[in-house]
Amino acid sequence: MNIGQASKGSAVSAKMIRHYESLGVLPKVPRSAAGYRQYDEASVHTLRFIRRARDLGFSIKEITALLSLWRNRRRASADVKRIALAHVDDLQRRVEEMVSMQRTLQHLAHGCRGDSRPDCPILDDLARP
């Protein structure tokens, strides 16, 4: 199948398919005599795996490791779990940072009169050294 068909079958854009191939996340696929990429069902399955992992927020580095484990039938599930739990910890840290940013912005917005006067605690806070 061509890249458009692979894209449709995997829900990964053609641009991202080429990107994943350039990074080595997706192995290079054979090309036709005319130079067009030729994808098989295994490539589309790999692209679906990548798409799902990206939807869960895994980095390219993590996805590469997960793909390697997925392809290794002698893998230890403990290795997969380690990667997943490290990602959970990272997500939790980012959620906490975002909640903190939200609270700060809510506090600043609450203190801003939002009228025609120029004084604004939001800008004052952003300008702080």
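Rule-based calculations on the coordinates, nothing more; no lab input. This is a predicted model, so every value here is computed, not measured. Positions of Cβ are generated from backbone atoms using ideal geometry, with glycine treated the same way; all protein chains shown enter the neighbour counts.
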From zero up to wherever the largest Cα-Cα distance of the range 84-125 sits, split into 5 Å bins and tell me the percent of pairs in each.
5, 22, 17, 14, 11, 9, 8, 6, 4, 2, 0
Find the percent of Cα-Cα distances in the chain that exceed 17 Å, and round it to a whole number.
69
Burial-style ranking of 57-68, 90-101, average other-beta-carbon count within 10 Å with highest first, yields 57-68, 90-101
Mind checking which lysines have their C-alpha under 27 Å from residue 81, skipping anything on the same chain fewer than 8 residues away?
61
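Would you kindly work out the equivalent ellipsoid of the range 49-112 from its C-alpha gyration tensor and give its semi-axes, the square roots of five times the eigenvalues, largest first in whole Å? Display every interim value, and only then the final one.
On the way: eigenvalues 260, 26, 7 Å².
Equivalent-ellipsoid dimensions as semi-axes: 36, 11, 6 Å.
Based solely on its DSSP helices, what 222 nm [θ] is calculated for the chain when runs of n ≥ 4 H residues each add -39,500 (n - 2.57) and the sum is averaged over all residues, nearest 500 deg cm²/dmol? Don't skip to the end; give the middle numbers.
Values: 6 runs with 87 residues, N = 129.
Calculated from helices alone, the mean residue ellipticity at 222 nm is -22000 deg cm²/dmol.
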